[in-house]
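All remarks here apply to the structure that follows.
Every number in this text was worked out from the coordinates using simple rules, so none of it is lab data. Just so it is clear, the model here is predicted, and its values are computed rather than measured. Here the Cβ positions follow ideal geometry from the backbone for every residue, glycine too, while neighbour counts run over all protein chains shown.
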Amino acid sequence: MPIRVTLNGEPREFPAPLTFSQLVDELDLASKRIAVERNGEIVPRSRLAEAAVADGDRIEVVVAVGGG
Amino acid sequence: MPNDKLVVAGRAYDSRLLVGTGKYRDFDETRRAIEASGAQIVTVAIRRMNIGQNANEPNLLDVLPPSKYTLLPNTAGCYNAQDAVRTLRLARELLDGHALVKLEVLGDAESLYPNMPETLAAAKTLVSEGFQVMAYCSDDPILAKQLEDLGCVAVMPLASLIGSGMGIINPWNLQIIIDRVKVPVLVDAGIGTASDAAVAMELGCDGVLMNTAIAKARDPVRMGRAMKLAVEAGREAFLAGRMAKKPYQASASSPETGLIQKSA
């Protein structure tokens with residue numbers, strides 16, 4: 001069953017259920033310093049491996065950028 | 001002054017200059033300008049990752065490692081308390097539980113003037129969640145005091161509008177805030193050149209935060225150094241205590257006796 005989510009505001013589809021760790025790998029972000037939020041709640045790094053992505057999730061992946 | 005340190009949230013810093021990391025040409029210029037400024041606390045923004053185009057894109061945190069700098073995540077671009085709190089929760093996760101943050105809730109996109117009711121609401125929530133909040137604010141002494149009373153670890157009134165380089169518009173209000181607020185007072189926003197930073201420090205500010213004045217100078221690295229010197233000079237002048245002003249009253253610096261001319 002495909003999983004459809006909104007990732008950083010864009011629709012995105014994955015062919016099969018996956019965890020947040022797998023999502024991060026899939027996006028080639030495993031080595032990056034990022035933070036993940038699902039439906040307005042933080043998904044802590046320690047929970048990425050166990051937390052499953054659910055159909056309809058609104059996911060945000062953020063980084064630090066230059067700013068004042 | 002070996003013991004003259006800026007203490008924010010219990011941590012001491014040798015530099016009283018805080019700098020932003022935006023608007024530079026590239027990360028190399030960012031790194032060199034910030035090194036020249038001597039700043040130890042640097043602000044960063046939190047933004048959506050550019051998914052898909054980022055395989056080998058350099059990361060700001062590679063240039064400014066948290067082991068070397070105290071990173072101060074901001075809430076730039078947030079126009080209400082809820083967005084600001086959400087952004088800083090993400091920042092805390094991103095920076096491994098880091099609690100020191102810069103809160104700024106903006107009122108409108110033209111002036112970037114702080115929305116103080118939303119700033120106060122966000123500060124209250126953030127303090128209750130264990131954040132150490134340095135709050136960008138208007139130069140209203142009553143509101144600055146309210147931020148302190150809510151538990152903010154520093155208040156940061158604007159000198160003038162963000163990115164305007166107009167300098168200190170209202171030194172009188174800043175002076176009232178400095179006199180009444182016990183937590184560190186840092187001027188944030190509006191500094192244009194070195195003399196502005198020196199004036200802020202001479203007024204008795206505990207520090208100065210700036211971004212555009214360095215990043216948009218013709219030579220940002222050199223301006224970084226200029227700002228370092230200005231903040232140090234202004235601080236030293238404040239501690240030294242300036243002479244009293246004597247309007248319209250000259251006072252010769254050389255002896256008025258022993259002159260070689262004949263006295264009449």
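Averaged over the residues of A:53-66, the number of partner chain Cβ atoms lying within 10 Å of the residue Cβ comes to 6.
Counting other Cβ atoms within 10 Å as a rough exposure proxy, the listed residues B:206, A:25 run A:25, B:206 from fewest neighbours to most.
Of all lysines in the structure, the ones whose alpha carbon falls short of 17 Å from that of residue B:182, not counting any fewer than 8 places away in one chain, are B:5, B:145. When the inverse distances between all different Cα atoms of chain B are averaged and flipped, the Kirkwood radius reads 19.4 angstrom.
Taking one equal scatterer on every alpha-carbon of chain A, how large is log10 of I(q)/I(0) by Debye at q = 0.12, 0.19, 0.21 1/Å? Those come out to -0.29, -0.71, -0.86, one per q.
Dividing the summed helix terms, -39500 (n - 2.57) for each DSSP H run of n ≥ 4, by the number of residues in chain B produces a 222 nm estimate of -11000 deg cm²/dmol to the nearest 500. The eigenvalues of the Cα gyration tensor, multiplied by 5 and square-rooted, give region B:129-223 an equivalent ellipsoid with semi-axes of 24, 14, 10 Å from largest to smallest.
Taking a ≥ b ≥ c as the square roots of the eigenvalues of the Cα gyration tensor, an a/c ratio of 1.5 or more together with a/b no larger than b/c marks region B:50-106 as oblate. When 1/r is averaged over all different Cα pairs and the result inverted, which Kirkwood radius in Å belongs to region B:1-57? In region B:1-57 this quantity evaluates to 13.7 Å.
Only aspartates and glutamates eight or more places from residue B:246 in sequence, or on another chain, were considered; those with a Cα closer than 20 Å are B:202, B:256. Calculated mean residue ellipticity, 222 nm, chain A: -2500 deg cm²/dmol, from DSSP H runs (n ≥ 4) at -39500 (n - 2.57) each, averaged per residue and rounded to 500.
The Cα-based radius of gyration of the protein assembly as shown, divided by its Kirkwood radius, gives an Rg/Rh of 1.10.
Each of B:174, B:100, B:259 was scored by other Cβ atoms within 10 Å of its Cβ. Arranged with the fewest first, they read B:259, B:100, B:174.
Residues B:136, B:24, arranged from fewest to most other Cβ atoms within 10 angstrom of their Cβ, appear as B:24, B:136. Within the straight-line cut-off of under 24 Å between alpha carbons, the lysines reachable from residue B:23 are A:32, B:68, B:102, B:216, B:228, sequence neighbours fewer than 8 places apart in one chain being disregarded. Reported to the nearest whole Å, the Cα centre-to-centre distance from region A:1-45 to region B:192-226 is 41. For the segment B:173-181, counting C-beta atoms of other chains within 10 Å of every residue's C-beta and taking the mean gives 0.
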